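Any read-out appearing in this document is the output of simple, stated calculations on the displayed coordinates, not a laboratory observation. Quick caveat, the model's predicted, so the values are computed rather than measured. Note: ideal-geometry Cβ built from the backbone for every residue, glycine included; neighbour counts use all protein chains shown.
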Amino acid sequence: MISKLLDIIKQNNKILILTHKGPDGDAVGSVCALGLMLKEMGKDITYVVDSMLSEKLKIDTEADFFCASTTDMFDLVIALDCSELNYLYGSEYMKNAAEVIVIDHHVTNKKYGKINCVFESAAAVGEIIIDMYEYENIQISTQAASWLYLSLATDTGNFRYSNVTANTHKKVATLYEIRDDFSAINKKIEEYGLTRLKYLSRIIDNIDLSSDDKVIISYISLNDYMNKIMDEEADMQLQNMIDILRNVESVEVAVLIKQAESELFKVSLRSNGDFDVASVAKLYGGGGHKKAAGCNMSGDIDTVIKNLKNQIKIN
């Protein structure tokens, strides 16, 4: 599959790279790492990336080339780390491209490209990008190594989640052979101010337990945000907050609901056991993995919580 997608890349010159709305570390890291690789191949690369992006994730200079829109036309569009078209930022640019490639690791991927390279066993899309570098025998630069580390570290909870494999650690070892200062990246993305603690306080206040304390649900509302809106910094402050809920003793499923608009909520779901949270996310147009998924839900907070509790029952 990698051979086939690289053949298509070689046949095209002007290439647009996209990822999902509200990009996380895997999205940003894989976008930049792939872009740097394709530039080494002599390709003309454009990045269209959602401006709902925390400054914390802009760990190196390749992010300076991000733009929120473009008037250019492209031979090839590559979509990274996005399971479905509706969640892809800049999806409108795909209709005029001769070729569309999707590179992803989500089990719920809808395979909306002409070529779909979906490796469900990959802990992060960054793993697939590393395979592409190796297949094409292109040296990973020091900057590309930093973006790849960001991809892998953020999508694995700093290599603590169950999606981590021996292959993940082998790939990280390869990155450490290129540079060994990744602690600076960890510090940048993990440090936080008092605002995060205030958000955590509200989330703790709003905890709802069910199924004999095996299911924990909490939320944060627009009124709780510093600017009364969910901007990129509020979203970044809330990243990985669900892990605090997930790690509560006896909890098998954790849900964190973040109000994005008056009647729109972003829902993150995590599973510690056999419960498939992706199946719940799919009911509301979302997706992800069996143990980590997300979706958007509409209505009021009480209705959203009620609907989720009806779908998540553990004996």
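Quick look at the values:
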| quantity | calculated |
| --- | --- |
| Under 23 Å from Lys39, Cα to Cα: lysines that are on another chain or at least 8 residues apart | Lys4, Lys10, Lys14, Lys58, Lys114, Lys171 |
| Stretchable slack from Ala166 to Asp231, in nm (0.36 nm times residue separation minus alpha-carbon distance) | 19.7 nm |
| Potential extension, Asp208-Glu92 segment - 0.36 nm per residue separation minus Cα distance | 37.8 nm |
| Exposure proxy ranking, count of Cβ atoms within 10 Å, fewest first, for Phe66, Phe182 | Phe182, Phe66 |
| Within the chain, helix-based [θ] at 222 nm, where runs of 4 or more DSSP H residues each add -39,500 (n - 2.57), nearest 500 | -11000 deg cm²/dmol |
| Low-density loop cleavage sites - GluC sites (Glu not before Pro) in region 175-275, where at most 11 other Cβ are within 10 Å (DSSP) | Glu191, Glu249 |
| Dipole magnitude of the chain, debye to nearest 20 (Cβ charges: Lys/Arg +1, Asp/Glu -1, about Cα centre) | 460 |
| Order of Met52, Met236 - criterion: other Cβ atoms within 10 Å of each residue's Cβ, fewest first | Met52, Met236 |
| For Ser30, Ser3, order by how many other beta-carbon atoms lie within 10 Å, fewest first | Ser3, Ser30 |
| Overall form of region 102-198 per C-alpha gyration tensor (a/c, 1.5; a/b vs b/c) | oblate |
| Entry for P(r) over Cα pairs in 20 Å bins from 0, in percent (calculated from the structure that is shown) out of [x] 30, 61, 9; [y] 33, 58, 9; [z] 36, 61, 2 | [y] |
| Which listed pairs, of Lys266/Lys306; Lys43/Lys110; Lys187/Lys228, have C-alpha distances above 24 Å, in listed order | Lys43/Lys110; Lys187/Lys228 |
| Cα gyration tensor shape for region 2-189, rounded if a/c is under 1.5, else prolate or oblate | rounded |
| Cβ charges +1 (Lys, Arg) and -1 (Asp, Glu), total dipole of region 194-311, debye | 180 |
| Förster-model FRET efficiency, 45 Å R0, Ala173 and Glu263, C-beta, rounded to 0.05 | 0.45 |
| Neighbour-limited loop hits for trypsin sites (Lys or Arg not before Pro), region 191-255 (at most 13 other Cβ within 10 Å; DSSP other than H, G, I, E, B) | Lys228 |
| Nearest 10 degrees, 0 to 90: helix 194-205 Cα axis against the chain principal axis | 50 |
| Separation in nanometres of the label points that stand 7 Å from Cα toward Cβ, at Asn137 and Ser201 | 6.0 |
